[in-house]
Amino acid sequence: MTDGRVEDNTATGRARAARALATIPRAKAKARAWHQVIEEEGLPNQTVEALAHGFVRVHDTALLTPYVEKYHAMLTTVWASRTHAIAESVVEGFYPVALANRELADASQAWLDANPGATAALRRVVSENRDGVTRALAAQQRDAS
């Protein structure tokens with residue numbers, strides 16, 4: 001890619017370019033990836049997944065902190081307005097798991113508590129995301145002792 005143009009103008013090339021741009025460790029890159037997938041519609045499944053992989057890839061987890069609240073706020077809207085494949089990719093892929101902290105686990109539990117009427121499939125994905133963080137917290141606690 002040079003000057004914002006994708007040199008490999010195939011579906012795979014565009015997806016890889018999207019992932020690379022979303023991986024850039026800057027708030028602007030994360031915001032752009034979020035906007036492209038969450039606030040707009042119409043991207044192919046492969047590009048959505050690529051953007052999700054790039055979005056959550058961080059060394060500085062502070063880049064994902066602003067997305068804990070945003071993530072939980074968009075869940076029911078995305079789930080209801082997208083195809084099942086896209087919605088599941090978004091809910092799984094944009095979960096800011098790299099934070100792996102109590103605040104994220106608590107926010108996910110709070111969402112589950114506040115949305116008992118959400119579809120079983122959405123609740124399952126959110127629960128699985130929360131459970132991964134809970135396991136990470138237990139491992140962190142064990143490592144610290």
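Tabulated results
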item	result
Criterion (assigned to a helix (DSSP H, G or I) and farther than 14 Å from VAL37 by Cα) met by exactly one of ALA105, ALA85	ALA105
Boolean, HIS72 is part of a helix (DSSP H, G or I) and within 25 Å of GLY13 (Cα to Cα)	no
Top-ranked residue of segment 60-91 - restricted to ones that are surrounded by 18 or more Cβ atoms within 10 Å (Cβ to Cβ) and hydroxyl-bearing (Ser, Thr, Tyr), ranked as farthest from ARG102 (Cα to Cα)	SER89
Count of residues meeting criterion [part of a helix (DSSP H, G or I) and in contact with a Leu (Cβ under 8 Å, 6 or more places away or on another chain)] in segment 38-54	2
Answer from ARG102, ARG130 - the residue that is farther than 28 Å from ALA50 by Cβ, open to solvent by 30 Å² or more (accessible area, probe 1.4 Å), out of contact with any Lys or Arg (no Cβ under 6 Å at 6 or more places or on another chain) and of a type in the set (Lys, Arg)	ARG102
Test: residue in segment 93-108 that is touching a His at 6+ places or on another chain (Cβ under 6 Å), touching a residue at least 12 places away in the same chain (Cβ under 8 Å) and among the aliphatic types (A, V, I, L, M)	yes
Tally of residues being aliphatic (A, V, I, L, M) and open to solvent by 20 Å² or more (accessible area, probe 1.4 Å) across segment 47-59	2
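The values are calculated or read from the model by the stated rules, or taken from the named source; none is laboratory data. Here the structure is a predicted model, which is why all the values come from computation and not from measurement. Counting neighbours? That spans all protein chains shown, and the Cβs are built from the backbone with ideal geometry, glycine included. Please note that ligands, DNA and RNA were not included when accessible areas were found on the heavy atoms of the full protein model with its side chains. Shrake-Rupley method; radii C 1.70, N 1.55, O 1.52, S 1.80 Å.
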